[in-house]
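The values are calculated or read from the model by the stated rules, or taken from the named source; none is laboratory data. On a predicted model such as this, the values are computed, not experimentally measured, just so you know. When we count neighbours, we look across all protein chains shown, and the Cβ atoms used for this are built from the backbone with ideal geometry, even at glycine.
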Amino acid sequence: MINNGKVIFNTKLNDTIYYLRIKVPISFKVQPGQFINIKVSDDYVPLLRRPFSVFNYEKGFIDILYKVIGDGTKKLSQKKKEDILDFIGPVGNSYVDFFSEDESKEKNIYLVAGGTGFASIHFFAKWLLNKKIKFKLFYGAKNKKEIFQRFCKNFDMVIATDDGSLGNKGMITSFIKGNRETIIFCCGPQSMLKTIQSIRAYKKFASFESYMGCANGVCLSCVIKIKNGKDFDYVRVCKEGTVFDLDDVIII
Ligand SMILES: Cc1cc2nc3c(=O)[nH]c(=O)nc-3n(C[C@H](O)[C@H](O)[C@H](O)COP(=O)(O)OP(=O)(O)OC[C@H]3O[C@@H](n4cnc5c(N)ncnc54)[C@H](O)[C@@H]3O)c2cc1C
Ligand code: FES
């Protein structure tokens, strides 16, 4: 569904990361793990929309947290207050589709966020907090500039940075001790998701980011491989995902 929303702010948080708020109709509904596909430019470059997880939704406002890495995100960073943004969404499934309140009473819920994967995990953390469901957030990034503690009020958290400038030094996955009582929800670089595959847990779910064309199930540019016995199937991250049972996914 194509939507238009007015930019409320598009604030630079550090050298490369921006925090964007868009006003949407109060009837707009979105769940944690879903994303929107934004037309970042009024001309033909870049031609394709760019996908971003919803970082937060409250009373008719969608927030996204994004890193400038190329032309599309640079153009997005130039959007100003009052500009109108054209986007498709919400797209994809949600962490909530895999969440059981009954299981959460008996198990330990761990959320794991790596880099900008924090965006979708943050929205899910707020959802859990709202429902008074206990969880622990493991949050890793390159350095302290890329950890946004200001958005983590009341989160039980473990932080790790590659350079040790905030929290523990090293990969966030080194600080997760899983067991059969643990349910993990995660989003981040594929290398992080691959490491999490080897952590013991009752269940693990991950939101995947892949290269997207249409974000509508048609172009197949976003496919990843899912185990099917000794063989595999292709699934579309934009349509069957973005959230999958992590143990089913073949990460190369
Ligand atoms: C479902 C989904 C949710 C996302 N949510 C967020 C978010 O919340 N915050 C955020 O900062 N980013 C997010 N991303 C990534 C974001 O969409 C890309 O960073 C953006 O599209 C890059 O556009 P660009 O034109 O600036 O860069 P491009 O010029 O397209 O690419 C610049 C460089 O980044 C690489 N690159 C681009 N996209 C990807 C990708 N999907 N995976 C791996 N490498 C890539 C390219 O190969 C190239 O080297 C998400 C992606 C997906 C699929
Ligand atoms: S992006 Fe086109 S099918 Fe997923």
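Of the strands (runs of 3 or more DSSP E) lying entirely inside region 22-108, those containing at least 1 residues that are over 30 Å from Ile184 (Cβ atoms) and in contact with a Gly (Cβ under 8 Å, 6 or more places away or on another chain) span 84-91.
Scanning region 109-127 for residues being assigned to a strand (DSSP E or B) and either among the hydroxyl-bearing types (Ser, Thr, Tyr) or in contact with a His (Cβ under 6 Å, 6 or more places away or on another chain) (or both) gives a total of 1. Checked against the criterion of being away from ligand 2 (no atom under 14 Å from the Cβ) and among the small types (Gly, Ala, Ser), region 222-237 has at least one qualifying residue. Across region 194-218, the number of residues qualifying as surrounded by fewer than 16 Cβ atoms within 10 Å (Cβ to Cβ), under 17 Å from Lys136 (Cβ atoms) and not charged (D, E, K, R) comes to 1. Taken across region 12-27, residues that are touching a residue at least 24 places away in the same chain (Cβ under 8 Å), touching a Pro at 6+ places or on another chain (Cβ under 9 Å) and surrounded by 18 or more Cβ atoms within 10 Å (Cβ to Cβ) do not occur at all. When Phe155 is tested against the conditions (1) closer than 21 Å to Arg50 by Cα; (2) crowded, with 17+ Cβ neighbours inside 10 Å, the lone failure is (1).
When Asp163, Asp247 are screened for being in a loop (DSSP other than H, G, I, E, B), among the acidic types (Asp, Glu) and more than 16 Å from ligand 2 (Cβ to nearest atom), only Asp163 passes.
Of all residues in region 238-252, those satisfying the criterion of being surrounded by 18 or more Cβ atoms within 10 Å (Cβ to Cβ) and of a type in the set (A, V, I, L, M, F, W, C) are Cys238, Val243, Phe244, Leu246, Val249.
When Ser191, Ser174, Ser221 are checked against the criterion of being in a helix (DSSP H, G or I), within 14 Å of ligand 1 (Cβ to nearest atom) and surrounded by fewer than 18 Cβ atoms within 10 Å (Cβ to Cβ), a single residue qualifies: Ser191.
Let's see how each residue does on (1) outside the structural domain of Ala119 (by TED's automatic domain parsing); (2) β-branched (Val, Ile, Thr); (3) within 16 Å of ligand 2 (Cβ to nearest atom):
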| position | (1), (2), (3) |
| --- | --- |
| Thr11 | yes, yes, no |
| Ser27 | yes, no, no |
| Gln34 | yes, no, yes |
| Tyr44 | yes, no, no |
| Ile64 | yes, yes, no |
| Lys67 | yes, no, no |
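Take the residues of region 196-211 that are assigned to a loop (DSSP other than H, G, I, E, B) and more than 16 Å from Gly33 (Cα to Cα): which is nearest to ligand 2 (Cβ to nearest atom)? Checked region 196-211; the qualifying residue nearest to ligand 2 (Cβ to nearest atom) is Tyr211. Close Cβ contacts (under 6 Å, 6 or more residues apart or on different chains) running from residues in region 70-81 that are at negative phi to residues that are assigned to a helix (DSSP H, G or I) and within 8 Å of ligand 1 (Cβ to nearest atom) are absent.
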